[in-house]
1. For segment 42-52, take each phi angle, set θ = phi - 60°, evaluate the Karplus expression 6.51 cos²θ - 1.76 cosθ + 1.60, and give the result in whole Hz per residue in order, putting x for glycine and proline.
2. Return the calculated 222 nm mean residue ellipticity for the chain, to the nearest 500 deg cm²/dmol, obtained by summing -39500 (n - 2.57) across DSSP H runs with n ≥ 4 and dividing by the residue count.
3. Under the classification rounded if a/c is under 1.5, otherwise prolate if a/b is larger than b/c and oblate if not, where does segment 138-185 fall, given a ≥ b ≥ c as square roots of the Cα gyration tensor eigenvalues?
4. Run the accessible area of segment 1-99 with a 1.4 Å probe and give the carbon-and-sulfur part as a rounded percent.
5. Distance between the C-alpha centers of segment 188-208 and segment 149-168? Whole Å please.
6. Please give the solvent-accessible surface of Val159 in Å², to the nearest 10, using a probe radius of 1.4 Å with every protein chain present.
7. Please list, in order along segment 62-75, the HN-Hα scalar couplings obtained from phi with the Karplus expression 6.51 cos²θ - 1.76 cosθ + 1.60 (θ = phi - 60°), rounded to whole Hz, x for Gly and Pro.
8. Where Lys and Arg each count +1 and Asp and Glu each count -1, what net charge lies around Thr199 among other residues with Cβ under 13 Å from its Cβ?
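The values are calculated or read from the model by the stated rules, or taken from the named source; none is laboratory data. Model, not experiment: these values are computed from the prediction. Cβ sites come from the backbone with ideal geometry, for glycine too, and all protein chains shown count toward neighbours. Accessible surface areas use protein heavy atoms only, side chains included; no ligands, DNA or RNA. Shrake-Rupley method; radii C 1.70, N 1.55, O 1.52, S 1.80 Å.
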Amino acid sequence: MLTFCSDGFSYADPAVSPLGELYFISNRPINARDTTKDYDIWKTSFGNGSWEPIVNVASLNSPFDEYYISFTAKGDAYFSSSRQGGFGEEDLYMAPFKNGVFDVPVNLGEKVNTRHSEYDPFVNPDGDQLVFASSGRDNSLGKADLYCSQRKGSWLDPVHLGVEVNTSLRDFCPYISKDEYFYFSSGGEIRRVSKTAITKALKRSTIK
């Protein structure tokens, strides 16, 4: 267990930024006056043999929950949030990384987000392909399924990744490795398929 996690609060969803910083979520309070008990995005870095003091990434957070951050190669951040002004229970947002800071997060819009829950985004390094979990869609096979959207100017309608990936259980926490494997959580297990499963699903979606 990392040293800063020993205070009794929850710490989850770790991700490493292109700058080598460790990002994660926690429900710890920002200060003594913070009584919201929501999950925020935090960060730290490792240097000189120890972890630096953790920092609340205020530009990404709201008085509501933020979860599961992912980065493009240039540092743009994708994450989910239940903040007000969205389309559903949780929506996906993107915050551009400019001059060393995050700009105001932008909702990815109603083609990606629904009145249900969209969460656990994984964005590819180029920022033009997004895999995420969603609950309650009409074509869902289980408690949550994985979908993929491509960006061609704007984000296109998400494609269900099919039975090669999705099950009757909860499928979530997607991650694509550098060796072209697609990892995700399903029913309490970690599963792996080839990244070609995504390519095949996208190709099927174009066949009329």
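1. So the J values, rounded to whole Hz, are 10, 8, 7, 9, 10, x, 6, x, 8, 7, 5.
2. Numbers: 1 runs with 10 residues, N = 208.
Only helices count here, giving -1500 deg cm²/dmol.
3. On the way: a/c = 2.43, a/b = 1.14, b/c = 2.12.
Oblate, since a/c reaches 1.5 and b/c is not below a/b.
4. Working: 2830 of 5280 Å².
For segment 1-99, the apolar C and S fraction of the accessible surface comes to 54 percent.
5. The distance from the Cα centre of segment 188-208 to that of segment 149-168 comes to 8 Å.
6. Solvent-accessible area, nearest 10 Å²: 20 Å².
7. Karplus-based 3J(HN,Hα) across segment 62-75 equals 9, x, 10, 7, 10, 9, 6, 8, 9, 10, 7, 4, 8, x Hz.
8. Numbers: positive: Lys195, Lys200, Lys203, Arg204; negative: Glu164, Glu180.
That works out to +2.
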